[in-house]
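Taking it in order: structure first as structure tokens, then the write-up.
Only the coordinates and a few stated rules stand behind these numbers; no lab work does. Since the model is a prediction, treat every value here as computed from it, not as a measurement. Ideal geometry is used to build each Cβ from the backbone, glycine not excepted, and the neighbour counts take in all protein chains shown.
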Amino acid sequence: MPVLAVYDIEKNKVSEVELRKDIFGAEVKKDLIYEVVRRQLAGRRAGTHSTKRRGEVKGGGRKPWRQKGTGRARAGTIRSPLWRGGGIVFGPHPRDYAYSVPKKMRKAALISALSMKVSEEKILVLRDFPMAGIKTKTFKEVLDRFGLKKALFVLDKADPVLEKSSPRKRTSTTSKSTGGPTRLRSGKRWRNSSRSR
């Protein structure tokens, strides 16, 4: 059974905690992690790329010259894809790149990710994170003390002072009905998808 040390914000070891083996000591399945991450990245794509077909390009309603007798190749419109300024053939159009992954696969991928983080010693347990007030400097000092440039904080309950003290913060709180934890990411900025998945 995996065992992790519990620290205070001064980086003093205060106790140890035992983790569930079926969650933090399971077999790491990198293929599942790849599929779930690929699905998440696909869901973040805007999909707003667009090109105009020959029928969508402005102009070209008149035949440029008569069909026969000019010696030139026959043409019906100046917006043909063969012409400069014409329409685009098989070009990209707005679409939704999101797709679904089975729930059991997502759960197994999360377990694999947690188990991999434990094996790589990249999970840190803090007893608490007391903050007298909203102060980014104090928050950053704790990160520097543990040698963290960016981190994901998982809290047992919402802490507005801690959330507002995080530099370049992005918070995500689960609904009250589920009673899940509050997640707080600190460090490198990352985009939030405009569409809910």
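Plainly put, region 37-76 has a radius of gyration that is 1.43 times its Kirkwood radius, both from alpha-carbon atoms, as the Rg/Rh ratio. Within region 1-116, the proportion of Cα pairs with more than 20 Å between them is 69 percent. Of the cross-linked pairs LYS122/LYS164; LYS13/LYS122; LYS104/LYS150, those separated by over 18 Å at the C-alpha level are LYS122/LYS164; LYS104/LYS150.
The residues neighbouring VAL142, those whose beta-carbon lies less than 12 Å from its own, together hold a net charge of 0 under the Lys/Arg +1, Asp/Glu -1 convention. The magnitude of the dipole of region 9-48, with charges of +1 and -1 set on the Cβ of Lys/Arg and Asp/Glu and taken from the Cα centre, is near 320 debye.
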